[in-house]
């Protein structure tokens with residue numbers, strides 16, 4: 001199994017620290033708003049990674065944080081706390097905001113068939129661990145205190161830009177007018193570990209007692225504390241969006257390795273942006289769609305998952321409604337084909353497995369083990385669907401086996417042949433008669449009635465073909 005490691009900039013063979021067990025940490029949502037589909041693309045990629053590890057026989061210990069404090073309106077130390085700002089404007093408590101959007105996030109991942117992390121840990125439940133980590137950084141000489149905050153001194157950490165490979169001179173600091181500059185910072189690029197309740201944060205709602213007075217943690221420290229608490233250090237794989245490389249993950253590495261003197265994670269993986277109109281999708285830009293936007297327009301959430309699988313996770317994907325429509329059609333065709341397969345045989349692979357089946361299994365595994373090449377994996381699934389020489393029971397087994405990784409919910413499809421009810425067939429015949437008389441408005445009306453009964457009709461050279469619509 002080969003995975004692209006952002007740290008080394010090359011594909012590496014995955015070798016877990018502990019035999020048969022993979023430790024996986026994925027950066028979770030900041031719960032001040034709905035996740036947009038660009039965020040959800042990253043969670044789908046991480047779900048494919050987890051499923052692929054399972055497919056290769058590994059037990060996966062998956063940890064994800066929930067950011068419910070400390071993430072300011074930039075990814076650095078600028079602006080307000082996102083949750084505090086939204087709560088104040090909406091006249092609600094920060095706890096209510098965090099609960100509401102956490103539940104919305106969990107609904108979204110369920111709809112997309114994304115497996116929930118084994119441990120889902122909010123930052124606010126790990127304050128003690130974050131304070132302890134900051135205290136350790138003081139002992140190691142990496143942290144210092146000002147009147148406003150506790151900072152990490154990046155000049156003390158030799159390999160600060162190892163992950164990003166970005167020159168420090170390229171980092172833009174203080175570019176926005178609302179930036180409040182702490183004149184006591186040793187380096188303008190030093191990042192906050194803990195904010196005190198002074199100045200702009202004097203009335204901050206969330207606050208905890210610490211050795212430096214009441215305050216709240218910075219964004220980056222939570223992931224270091226939570227991942228080490230549940231996975232140890234080092235652990236196997238750390239993932240996130242590509243926009244985490246230059247700031248968030250770079251800072252995680254600095255504070256974790258500074259504290260413990262050893263790597264945080266062995267492999268770092270990052271998902272590329274989802275674009276809309278060829279621009280990065282982002283809440284701050286106002287050009288984002290939520291999963292609810294898609295479902296309100298009549299799309300199956302799993303059609304979006306199918307769309308995402310059509311592009312390898314390290315490549316940008318430009319979202320369009322036409323591409324989503326095509327993905328939904330393709331997914332419905334997969335489900336319709338699977339619905340028609342016989343389930344008479346309960347096939348289990350063994351020494352008797354036909355060579356052709358083994359060949360498909362090997363090709364699929366080769367695709368997903370090549371840095372999660374889901375486009376190739378989908379192609380192999382379609383090759384199986386179109387191959388009429390494979391016995392139907394074996395074909396069903398093969399497709400469902402592939403779906404252990406793809407996660408398209410195909411195991412929920414009942415593979416039985418169901419006769420089309422008489423009342424539906426009467427409508428089909430009436431529609432065909434209307435079409436023959438060129439009464440197309442009436443024909444379209446009859447098609448709608450057929451679909452309302454849960455069936456669809458396709459016009460072919462051999463006449464109308466009627467089948468059950470896939471459930472959504």
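Counting only strands (runs of 3 or more DSSP E) that sit wholly inside the stretch 226-319, those with at least 2 residues that are farther than 30 Å from residue 127 by Cβ are 274-276, 317-319. Scanning the stretch 75-100 for residues that are surrounded by fewer than 18 Cβ atoms within 10 Å (Cβ to Cβ), within 22 Å of residue 182 (Cβ to Cβ) and out of contact with any helix residue (DSSP H, G or I) (no Cβ under 9 Å at 6 or more places or on another chain) yields 78, 85.
Exactly one residue out of 254, 259, 265 is out of contact with any strand residue (DSSP E or B) (no Cβ under 9 Å at 6 or more places or on another chain), at pLDDT 95 or above, crowded, with 22+ Cβ neighbours inside 10 Å and farther than 21 Å from residue 311 by Cβ, and it is 259. Of all residues in the stretch 34-62, those satisfying the criterion of being in contact (Cβ under 8 Å) with a residue 40 or more places away in the chain, surrounded by fewer than 23 Cβ atoms within 10 Å (Cβ to Cβ) and assigned to a strand (DSSP E or B) are 36, 60, 61. Taken together, 434, 443, 377 contain a single residue that is more than 15 Å from residue 337 (Cβ to Cβ), assigned by TED's automatic domain parsing to the domain that holds residue 306 and either without any contact (Cβ under 8 Å) to a residue 40 or more places away in the chain or touching a helix residue (DSSP H, G or I) at 6+ places or on another chain (Cβ under 9 Å) (or both), which is 377. One residue alone among 123, 147 is within 23 Å of the chain's Cα centre (by Cα) and touching a residue at least 24 places away in the same chain (Cβ under 8 Å), and that residue is 123.
For the stretch 186-203, name all the residues that are touching a strand residue (DSSP E or B) at 6+ places or on another chain (Cβ under 6 Å) and in contact (Cβ under 8 Å) with a residue 24 or more places away in the chain. Show your work before the answer.
From the stretch 186-203, those touching a strand residue (DSSP E or B) at 6+ places or on another chain (Cβ under 6 Å) are 190-197, 201; that's our starting set.
Scanning the stretch 186-203 gives 190, 191, 192, 193, 194, 195, 196, 201.
The values are calculated or read from the model by the stated rules, or taken from the named source; none is laboratory data. What you see is a predicted model; the values in this text were computed from it and never measured. Note that we place each Cβ from the backbone using ideal geometry, even for glycine, and neighbour counts take in every protein chain shown.
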